[in-house]
Amino acid sequence: MKIRMKKVIALISTMTLTASLLLSGCGSSGNGNAGETGSSTAKDNSNTQAAESGESSPTNIEDLPVIKMAAMTGANYDDTDAVEAEINKILAEKVGAVLDITWSGMGTYKQQVNLMLTGDGEVDIVLLSGVPLATYAGNGMLLDLTDHYEQDPDAFLEWLDVSYIDSCRVNGRLYAIPEVINFSNEILVHANKAMMDDMGIEADDSKIWTMDEIHDLVKQAVDTYPDIYGIVPQTGSQFLAQINYDNLGDTSFVGVIEDHGTTGKVISVTECEEYIEFSKTMREWYQEGLIMQDCMSNTEAWSSMIPSGKAFCAFDAGAYPDNSSTEDTTYYNLTIYPNWSAANCAVRLDYGIAANSKNPDLAFAVLKELYTDTDICNLLMYGIEGTHYQVTADGKAAPAEGLTLENSGYSCGFINGWVLPNMLNAYPSYTSADGFSDLLRSYDANAIKSGALGCVFDSTNVTNEYTACVNVFEKYYFAIMSGSMDTESTLETFKAELKAAGEDVVIAEKQAQLDAFLTGK
């Protein structure tokens with residue numbers, strides 16, 4: 001029996017974007033194959049290699065320029081320094097730079113990245129998550145990568161369809177590279193495997209579970225294990241990102257399109273039937289004690305609470321076909337809605353370079369190696385072979401002898417390898433189904449496609465109103481969805497404050513961008 005593993009966001013199908021996408025808003029496209037093929041080189045830095053000019057490289061790795069990278073994880077990373085040391089042996093030889101990774105927890109990552117991107121050279125390479133790419137680009141926080149990319153597009157096109165890369169363009173210019181992941185995702189419930197096995201409940205991979213069935217399952221779990229949390233949030237205090245309504249890449253949901261983005265009409269999320277009905281159901285479950293009562297102040301990841309036995313399950317709006325039912329699997333995945341590709345699925349998780357990077361050429365050269373060098377990808381995913389992981393007889397990575405995911409000093413690839421640039425350019429995890437890459441591609445090919453696929457909202461024209469609406473969103477959206485507030489009364493307050501903040505203006509702008517995109521398809 002195969003099962004499915006977590007995946008935070010966001011994803012696309014194998015659909016090619018046209019060159020007629022908007023020049024601003026809704027994922028402006030450009031020619032992803034432009035330019036001669038060639039490697040990016042570091043220039044104009046006294047500490048870097050300069051082979052073309054005849055300069056010699058530093059003899060000590062300590063003398064090389066440091067490229068700072070920011071990423072988030074819910075895994076153990078105490079041994080990052082040792083892992084970096086191995087990565088830097090490769091980078092020193094190939095690029096003439098070294099990497100320094102700063103990990104942040106998922107609940108605080110967005111705020112920390114915003115600070116880094118506005119600081120003075122505090123980060124070079126950055127995982128982008130939680131803010132529309134067009135907003136970062138419009139605010140001048142990201143480096144224009146177009147010229148760097150066009151020196152050697154094939155390095156990335158080996159792993160990514162050009163349509164995914166072109167989704168990261170704003171006004172025709174490229175500002176990020178998508179992670180190499182799945183581009184569609186389903187909505188499911190991660191459930192504690194040991195508890196389900198103990199209760200004698202079968203996890204059927206082919207089944208679509210109803211909400212009533214999930215309710216009864218959680219009720220049985222909290223009755224059987226009274227000291228656990230029944231349901232915990234998907235990420236930090238964020239209960240569940242979304243269901244089957246499209247937000248055009250706006251992670252604050254100021255205007256959504258129902259039915260997988262197929263209606264063509266942008267409405268307030270406070271009027272979205274699926275959001276309302278789900279929230280009402282969660283309110284009932286919360287009052288029954290099935291949901292973590294202090295979920296809105298939670299900072300711990302479900303990926304640690306469920307395996308450790310602190311919680312039974314969590315909803316997740318992003319998953320892909322990655323597991324088989326090995327003895328080491330710590331959770332089952334119960335699908336409640338089949339996978340679909342949202343409009344912004346290639347730009348929810350991507351990597352960019354800070355506009356204030358002190359070594360932009362070197363930063364891009366390092367970024368390319370993080371996608372294309374197999375040894376580096378394995379180190380980023382699993383750590384040091386023999387220390388943190390071993391390769392099984394069937395060619396999969398597993399924790400090194402004597403280690404578990406809880407006591408390993410580096411477990412990123414086993415817990416959430418999807419935060420890294422290219423998890424497919426590494427050994428598959430020991431929990432992965434055989435033929436994982438083929439399964440992944442088939443999964444995307446058969447996904448439900450958003451009616452607005454490729455359209456990514458740009459809030460530049462309505463910055464003031466959008467910012468005010470985001471502040472309102474952060475007060476109510478997840479709280480209402482978690483059931484921790486009275487649904488009807490809080491929903492009315494949410495609606496009124498959004499209106500007062502200028503939601504109608506933002507929705508009108510989002511509708512105009514969607515209309516222009518659909519007309520130009």
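The values are calculated or read from the model by the stated rules, or taken from the named source; none is laboratory data. Computed from a predicted structure; not experimentally measured. No Cβ is skipped: glycine too gets one built from the backbone with ideal geometry, and neighbour counts run over all protein chains shown. We work out accessible area using only protein heavy atoms, side chains counted, and drop any ligands, DNA or RNA first. Shrake-Rupley method; radii C 1.70, N 1.55, O 1.52, S 1.80 Å.
Can you tell me which residue is farthest from residue 378 (Cα to Cα) among those in region 78-96 that are touching a strand residue (DSSP E or B) at 6+ places or on another chain (Cβ under 8 Å) and β-branched (Val, Ile, Thr)?
Of everything passing the filter in region 78-96, 80 is farthest from residue 378 (Cα to Cα).
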Every residue in region 187-220 that is crowded, with 18+ Cβ neighbours inside 10 Å and over 26 Å from residue 342 (Cα atoms), please.
192, 193, 195, 196, 203, 217, 218
With respect to residue 223, is the statement that it is within 30 Å of residue 336 (Cα to Cα) and of a type outside the set (Lys, Arg) true?
yes
Here's a check for you: in region 244-268, which residue that is more than 20 Å from residue 470 (Cβ to Cβ) and open to solvent by less than 30 Å² (accessible area, probe 1.4 Å) is nearest to the chain's Cα centre (by Cα)?
244
For region 326-435, list the strands (runs of 3 or more DSSP E) that sit wholly inside it and hold at least 1 residues that are within 22 Å of the chain's Cα centre (by Cα) and closer than 30 Å to residue 116 by Cα; which are they?
350-353
Residue satisfying condition, being of a type in the set (Gly, Ala, Ser), on the phi < 0 side of the Ramachandran plot and touching a Ser or Thr at 6+ places or on another chain (Cβ under 7 Å), within set 206, 268, 237:
237
Residues being acidic (Asp, Glu) and in contact with a strand residue (DSSP E or B) (Cβ under 6 Å, 6 or more places away or on another chain): count how many of those fall in region 246-303.
1
What pairs come out if I take residues in region 107-122 that are over 16 Å from residue 74 (Cα atoms) and open to solvent by 70 Å² or more (accessible area, probe 1.4 Å) and pair them with residues that are assigned to a helix (DSSP H, G or I) and not basic (Lys, Arg) whose C-beta lies under 6 Å away, six or more apart or interchain?
122/116
So which residues in region 129-151 are open to solvent by 20 Å² or more (accessible area, probe 1.4 Å), modelled with pLDDT of 95 or more and either farther than 15 Å from residue 118 by Cβ or in a helix (DSSP H, G or I) (or both), if there are any at all?
144, 147, 148, 150, 151
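Give the residues of region 46-105 that are small (Gly, Ala, Ser), in a helix (DSSP H, G or I) and at pLDDT 95 or above, sorted by residue number.
Matches in region 46-105: 82, 85, 92.
Can you say whether residue 343 is out of contact with any Gly (no Cβ under 7 Å at 6 or more places or on another chain), open to solvent by less than 10 Å² (accessible area, probe 1.4 Å) and over 23 Å from residue 472 (Cα atoms), as far as the supplied structure shows?
no
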So residue 388 fits all but one of (1) within 30 Å of residue 176 (Cα to Cα); (2) open to solvent by less than 10 Å² (accessible area, probe 1.4 Å); (3) not hydrophobic (A, V, I, L, M, F, W, C); what number is the exception?
(1)
Tell me which helices (runs of 4 or more DSSP H) are completely within region 155-252 and hold 2 or more residues being more than 29 Å from residue 371 (Cα to Cα) and either of a type in the set (Lys, Arg) or touching a residue at least 60 places away in the same chain (Cβ under 8 Å) (or both), or say none if there are none.
193-198, 211-224
